[in-house]
1. Where does the chain land at 222 nm, in deg cm²/dmol rounded to the nearest 500, when only DSSP H runs of n ≥ 4 count, each adding -39500 (n - 2.57), divided by all residues?
2. Among bridges DSSP assigns within segment 3-210, what percent are antiparallel (round to 5)?
3. Compute the longest continuous run of the chain that contains no exposed GluC sites (Glu not before Pro); treat a site as exposed when its DSSP state is not H, G, I, E or B and it has at most 15 other Cβ atoms within 10 Å.
4. For segment 1-95, rounded, prolate or oblate, judged on the Cα gyration tensor with a ≥ b ≥ c (square roots of eigenvalues), a/c < 1.5 rounded, else prolate if a/b > b/c?
5. If exposed means no more than 10 neighbouring beta carbons inside 10 Å and the site is in a DSSP loop, what's the longest run of the chain without any exposed trypsin sites (Lys or Arg not before Pro)?
6. What is the distance, in nm, between label points placed 7 Å from the Cα along the Cα-to-Cβ direction at residue 178 and at residue 214?
7. I'd like the FRET efficiency for residue 198 and residue 2, computed as 1/(1 + (r/R0)^6) with the beta carbon distance as r and R0 of 22 Å, rounded to 0.05.
8. Using 19 Å as the cut-off for backbone N distance, which residues of segment 189-208 belong to the label zone defined by a point 7 Å from the Cα of residue 161 along Cα→Cβ?
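Since every read-out is calculated from the coordinates, none of them should be taken as a lab result. What you are looking at is a predicted structure, and each value in this text was computed from that prediction instead of being measured. Neighbour counts run over all protein chains shown; Cβ positions are idealised from the backbone, glycine included.
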Amino acid sequence: MESVLVLCAHPDDEVFGLGGTIAKYSKEGKKVVSIIFSYGEKALPYFKEEEVRKIRKKESLDAAKVMGTKNTLFLGLEEGKFEKAKKKDFEVIRSIILELKPSKIFTHSMDDPHMDHRATHKLVVDLLKDMDYQGELYAFNVWNPMSFRKRHLPKLFVDISDTFKIKIKAIRKFETQKMQGRWPLMPAIFARALVYGFQNKCKFAEKFLKVDFNS
């Protein structure tokens, strides 16, 4: 069974970034596993962080069930302080990669304005270099707009015409993120899906840039 690994910063990033692709790969029988670096505990500042962790974890697992994700793991890193990740955190990721042998790994774009997203990208690239990972690494967008600056880089288009509705259903599982994430990002999600679909000659698509982590 082919395996795919998703490495992202917060609950909901994997859905906003590649929810349609996760659902498509799951339907095709691929084993999709997500590792989420934090619980996104600072998303609800008026609630106790312990309670927020429980809520956001449940939302993420509910969304994963909708998309067909095989397993979702949480590292529990503190938001805004990913550079303080300990050796054991990297060993968890390393051991999962060695066990799964994923053909593709997806993570955040280095151009994303969110500091945790950029930090995740760097941590992932550094780890894969150290491991001499031989598969493919792809970057997805969350908060960064569509970029035309990197037309020369290899791209992966995934036709999500049949799974776009699943992506939207999964996004709606994040009730706590209506104001912070869903409403601000929804126009971009539809615009990207349509534009990338047009570029890929289908109704809806998600696009990823291939990362050369050995350069």
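1. -13500 deg cm²/dmol
2. 30
3. 79-215
4. Note, shape of segment 1-95 comes out oblate.
5. Result, exposed sites excluded: 87-148.
6. 4.9
7. Computed FRET efficiency for residue 198 and residue 2 comes out at 0.20.
8. Once the point is set 7 Å along Cα→Cβ of residue 161, 190-208 turn out to lie under 19 Å by backbone N, inside segment 189-208.
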